[in-house]
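Asker: The structure follows.
FYI, it's all coordinate maths here, none of it is from the lab. Source: prediction; values computed, not measured. All Cβ positions, glycine included, derive from the backbone under ideal geometry; neighbour counts span all protein chains shown.
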Ligand SMILES: Nc1nc2c(ncn2[C@@H]2O[C@H](COP(=O)(O)OP(=O)(O)OP(=O)(O)O)[C@@H](O)[C@H]2O)c(=O)[nH]1
Ligand SMILES: [Mg+2]
């Protein structure tokens, strides 16, 4: 029997260095400059066995329970493959991806002529990690101001994500302004104001009720430029991807911002609990809003970790942030290695 050789390097990438490339260049010791241990908030540390324990406790999307029986068997048999297929489908990998992953694993098991479920587990981890790592999760925030437009359907977590993201950025000494371009509801402006305060960001409010969202976005960017603010994050109203008038409005917001500066990131927020339905949303927003990154929220309440992989594969847009709760620190960058460790155990 040939020994199973692992082709995938475990890429343990420091999220801070990806979000703030200049910091990474200054850091001689790689990760260690930001080796602050945090058990919540953005994962800014190398994973350790202790982290895995913590994440496992808090990860309903972990597949490790479903896979336990399978991997504790003595050998790889038909039942193993059936169980694996069930586990992937249940976790919302979708049938295409489930088939592709199983086919790849079957080929590897044949190639290395192994019957050891422990090998299969390693292969599964590596296949998933390799697939997730095909796209680059780096947030490009080097422009000044760096403008981030946040879009998505109703209630997916846009405003909450903006608050958490602002907190993360201000925590690293960046100045942030948020723009309340969700002008339909007064409550939406107040909700953003509350999050801005928690996140240490300033806010550009609409000057009158129902002001054109594009003009609020314009004013936000204008203020960022005039006041030398590093990052401007624009909140938008939730909209159904099927409403073409509202999708056109997003295109207008983009155009108006671009009169002043390029947009650094358009982040599409998707609620992970909606599973495959999120794919339809993603396609429409990608077409109309020029999405550059995905944010998956509510992973704390979802048993469907497979959606993370499915959505990235189907859309070809990288996941850049993950929301795992309603608290201000419950946002993490996306690191395939850590994610797969948590998913598979
Ligand atoms: N459990 C959990 N809840 C979240 C997360 N992110 C947001 N929420 C909750 O989801 C609900 C909607 O969040 P919002 O931030 O208001 O969503 P939105 O996309 O701005 O909504 P609209 O502006 O109405 O389109 C709130 O109750 C949030 O607390 C998350 O990562 N986990
Ligand atoms: Mg909102």
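Asker: Kindly state, to the nearest 0.05, the FRET efficiency for residue 277 paired with residue 243, given R0 = 25 Å and r defined as their beta-carbon distance.
Answerer: Working: r = 16 Å, r/R0 = 0.64.
Once rounded, the FRET efficiency stands at 0.95.
Asker: Evaluated at 20 °C with a viscosity of 1.002 mPa s, what Stokes-Einstein diffusion coefficient in µm²/s does the stretch 211-345 have when Rh comes from the Kirkwood expression over alpha-carbon pairs? The partial results should precede the final answer.
Answerer: On the way: Rh = 16.1 Å.
After rounding, the answer is 133 µm²/s.
Asker: Could you compute the FRET efficiency for residue 142 and residue 186, with r as their C-beta to C-beta distance and R0 at 45 Å, rounded to 0.05?
Answerer: Calculated transfer efficiency: 0.80.
Asker: Work out, step by step, the length gained on full extension between residue 113 and residue 215: first 0.36 nm times the residue separation, then minus their alpha carbon distance; give nm to one decimal.
Answerer: 30.4 nm
Asker: Kindly rank 75-83, 278-286, 304-312, 186-194 from highest to lowest mean number of other beta carbons found within 10 Å of each residue.
Answerer: 304-312, 278-286, 186-194, 75-83
Asker: Assuming a ≥ b ≥ c are the square roots of the Cα gyration tensor eigenvalues, decide whether the stretch 61-211 counts as rounded (a/c under 1.5), prolate (otherwise, with a/b larger than b/c) or oblate. Let's see the in-between values first.
Answerer: Numbers: a/c = 3.51, a/b = 2.75, b/c = 1.28.
Prolate shape, in that a/c is at least 1.5 and a/b is the bigger ratio.
Asker: In what sequence, highest mean first, do 256-268, 223-235 appear when ranked by Cβ atoms within 10 angstrom?
Answerer: Answer by packing, highest mean first, reads 223-235, 256-268.
Asker: Using only Cα atoms, locate the centre of the stretch 80-132 and the centre of the stretch 223-277, then give the distance between them in Å, rounded to an integer.
Answerer: A separation of 37 Å, based on Cα centres.
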